[in-house]
Amino acid sequence: MSQKISKPVTDEESRPFWEGLNNKELLIQQCGSCGENIFYPRSICPYCFSEEIQWRKVTGNGKIYSYTVVHQAFGPYKEEVPFVVGIVELDEGVRMMTRIIGDREQIEVDKEVTVLFEQIDDDFTLPYFQLV
Amino acid sequence: MKSDRTAAIVGVAESDLGKTPNKNVLQLQAQAAKVALADAGLTKDDVDALFTAGNWAWAPSLMLAEYLGIDTKYTDSTNIGGSSFEAHVGHAVAGIEAGLFEVALITYGSTNRTNPMNSTFRAPLTAQYELPYGLPTPVGAYALAATRHMHQYGTTSEQLAEVSVATRKWASMNEKAYKREPIEISDVLHSRYIAEPLHLLDCCLVTDGGGAVIVASKEVVARTKKRPVWILGHGEANSHNTIVNMPDLTVTSARESGQRAFEMAGVSRTEIDVAEIYDSFTITVLLTLESLGFCEPGEGGAFVSGQRTAPSGDFPMNTNGGGLSYGHPGMYGIFLLIEAVRQLRDECEARQVDNAEIALVHGTGGVLSSTSTVILGRD
């Protein structure tokens, strides 16, 4: 990748998520009041407005909610086309955007996937997903 | 029809369109504003409210008001992407009904084709959980919706292509349209992929252009030049910011904004004579037709098949040639309003829809994020 992906702005809200990935752990949040799982990280529950937010480690298993094969991309991604970006729904019910790795012919909506930790930089890891 | 008819659109205009290398966004808006005011038979001194949306300035309504020399009692630069201008119409009606002002000028201008803002790859706040994966925005997000719709309902690329082909037929009848040469379904299917399943010809153009719309109270309408186009109903809604957070990739907030607009107008879907539906991408149209209730969920593909939305089809849609063929300077919504008004004023010549009395205008902004629906009618 000739041009670097700029890193996330790590702050108090997002740090546990990004640090978890560096430790090969996928962390999401759960509301201690209503029990809903939450992604992306927040300091207030978007379901009940409670601030009792807890972090939990998850297995990273889920299924493909949707995907696209990108043929025209910009900036640092221009050289990588074609690549697959998808939305994965984790078993816990939350959805995340991700890259889906593997044989393009095998990638389909609703297929099962599991997380893999893609190290982009010394201190920057992204959760990608691959077919189970 | 139960609308009170408290406000009408009394003037519309585009600026130069397509490629405008010698004009900046202020010039384009000034050009459109001047022609729209002349269209209404009003002057800039009649304008007491200004609405604009864009990413070209900090506080764009301040810069534009100063540039145009307009003193305003009221400004609103609500920016919810391409649907901003339909929202501005709704906000203008509310302001007029509240007695806050009499004449609102709504403008947009963009040099997306010749002088786009430099793309940045910063990933602040909630965008940091999406941007690193390289999904091109907005096309990639719409592609995700299309994949899901195809999976869930069996929608085909041919059905999506029907929208592009029909829209191009309308464009061929509009000398202002950027792309006018006829295309067939096979041309769409054989155009290169941008983000599967969307091909190049499933995607809107990238052009320069500006537009202006004048909304006036019924008291002012009495002294305007052309027949008024009444704002019968309006509604707005939004469901998410980033595409991952869209509750259902196949259902847009048009379900809510459309319902509100129809209820306020007191008209039924079968009474709509002409529809101007934001066509950033072919899938946008299918999702919108379903969410607005013109057909059932999943039936959008069948609904547009057989060139039903083309000239002489029984559902005239995007009659100026749409974002797919007429032009798309980034936030397209104002052009939907301009075309609907012209249709209701019987000014569209070759592409005129016979006896167009009621029009539906529907804007979509962001990545299927925001919607605003306006229903317009003539006397």
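The condition of being under 17 Å from the mean Cα position of the chain (by Cα), on the phi < 0 side of the Ramachandran plot and in contact (Cβ under 8 Å) with a residue 12 or more places away in the chain holds for only one of B:GLY330, B:GLY323, that being B:GLY323.
Somewhere in segment A:74-92, is a residue in contact with a helix residue (DSSP H, G or I) (Cβ under 6 Å, 6 or more places away or on another chain) and facing another protein chain (nearest Cβ under 9 Å)? Show your work before the answer.
To start, the set of residues in segment A:74-92 that are in contact with a helix residue (DSSP H, G or I) (Cβ under 6 Å, 6 or more places away or on another chain) comprises A:85, A:87.
Subset that is facing another protein chain (nearest Cβ under 9 Å): A:85, A:87.
For segment A:74-92, residues in contact with a helix residue (DSSP H, G or I) (Cβ under 6 Å, 6 or more places away or on another chain) and facing another protein chain (nearest Cβ under 9 Å): present.
Filtering segment A:114-130 for residues that are touching a helix residue (DSSP H, G or I) at 6+ places or on another chain (Cβ under 6 Å), open to solvent by less than 70 Å² (accessible area, probe 1.4 Å), within 12 Å of another protein chain (Cβ to nearest Cβ) and under 17 Å from B:GLU196 (Cβ atoms) leaves an empty set. In the condition set (1) modelled with pLDDT under 95; (2) open to solvent by 20 Å² or more (accessible area, probe 1.4 Å), A:PRO76 is compliant with all but (2). Note on segment B:56-84: among residues that are in contact with a Leu (Cβ under 9 Å, 6 or more places away or on another chain) and part of a loop (DSSP other than H, G, I, E, B), the one that is most open to solvent (accessible area, probe 1.4 Å) is B:LYS73.
For segment A:30-69, which residues satisfy the criterion of being in contact with a Pro (Cβ under 6 Å, 6 or more places away or on another chain) and within 8 Å of chain B (Cβ to nearest Cβ)? Even if it seems obvious, please write down each step before you answer.
Within segment A:30-69, the first condition is being in contact with a Pro (Cβ under 6 Å, 6 or more places away or on another chain), and the residues that meet it are A:55, A:69.
Passing the criteria: only A:VAL69.
For A:GLU105, the conditions (1) out of contact with any Lys or Arg (no Cβ under 9 Å at 6 or more places or on another chain); (2) within 12 Å of chain B (Cβ to nearest Cβ) all hold with the exception of (2). Looking across segment B:247-267, the residues that are surrounded by fewer than 24 Cβ atoms within 10 Å (Cβ to Cβ), away from every other protein chain (no Cβ under 14 Å) and assigned to a loop (DSSP other than H, G, I, E, B) come down to B:GLY266, B:VAL267. Within segment A:96-107, the presence of a residue that is open to solvent by 50 Å² or more (accessible area, probe 1.4 Å) and in contact (Cβ under 8 Å) with a residue 40 or more places away in the chain is excluded. Among the residues of segment B:1-40, count how many are in a loop (DSSP other than H, G, I, E, B) and open to solvent by 40 Å² or more (accessible area, probe 1.4 Å). Residues in segment B:1-40 being in a loop (DSSP other than H, G, I, E, B) and open to solvent by 40 Å² or more (accessible area, probe 1.4 Å): 9 in total.
For segment B:206-219, which residues satisfy the criterion of being open to solvent by 10 Å² or more (accessible area, probe 1.4 Å) and closer than 16 Å to B:LEU324 by Cα?
Quick first cut of segment B:206-219, residues open to solvent by 10 Å² or more (accessible area, probe 1.4 Å) only: B:206, B:218-219.
Hit for segment B:206-219 is B:VAL206, nothing else.
The residue that is surrounded by the fewest Cβ atoms within 10 Å (Cβ to Cβ), among those in segment B:273-291 that are in contact with a His (Cβ under 8 Å, 6 or more places away or on another chain) and either without any contact (Cβ under 8 Å) to a residue 24 or more places away in the chain or of a type in the set (Gly, Ala, Ser) (or both), is B:ALA275. Residue pairs whose Cβ atoms lie under 8 Å apart, separated by 6 or more positions or on different chains, with the first residue in segment B:173-184 and under 15 Å from B:LEU200 (Cα atoms) and the second among the polar types (S, T, N, Q), are B:LYS179/B:SER325; B:ILE183/B:SER164. List the helices (runs of 4 or more DSSP H) that sit entirely inside segment B:103-205 and contain at least 2 residues that are at the interface with chain A (Cβ under 10 Å from one of its Cβ atoms) and buried (at least 23 other Cβ atoms within 10 Å of the Cβ). Those helices (runs of 4 or more DSSP H) span B:139-153. Look at B:VAL244 and say whether it is more than 17 Å from B:LEU160 (Cβ to Cβ), β-branched (Val, Ile, Thr), within 14 Å of another protein chain (Cβ to nearest Cβ) and part of a helix (DSSP H, G or I). Considered against the rule, which asks whether it is more than 17 Å from B:LEU160 (Cβ to Cβ), β-branched (Val, Ile, Thr), within 14 Å of another protein chain (Cβ to nearest Cβ) and part of a helix (DSSP H, G or I), B:VAL244 comes out as yes.
So A:ARG99 passes all but one of these: (1) closer than 18 Å to B:ASN245 by Cα; (2) within 11 Å of chain B (Cβ to nearest Cβ); (3) not in a strand (DSSP E or B). Which condition number does it fail? Evaluating A:ARG99 over (1) closer than 18 Å to B:ASN245 by Cα; (2) within 11 Å of chain B (Cβ to nearest Cβ); (3) not in a strand (DSSP E or B) leaves (3) as the failure. Only residues that are touching a Leu at 6+ places or on another chain (Cβ under 9 Å) and farther than 22 Å from B:ARG342 by Cα: list them for segment B:26-45, please. The answer is B:LEU26, and nothing else.
In segment B:268-289, which residues are assigned to a loop (DSSP other than H, G, I, E, B) and under 20 Å from the mean Cα position of the chain (by Cα)?
B:ILE272, B:ASP273, B:TYR278, B:ASP279, B:SER280
The values are calculated or read from the model by the stated rules, or taken from the named source; none is laboratory data. All of these numbers come straight from a predicted model, not from anything done at the bench. For neighbour counting, all protein chains shown are included, and Cβ atoms are generated from backbone atoms with ideal geometry for every residue, glycine included. Calculation scope for accessible area: heavy atoms of the full protein, side chains included, ligands and nucleic acids excluded. Shrake-Rupley method; radii C 1.70, N 1.55, O 1.52, S 1.80 Å.
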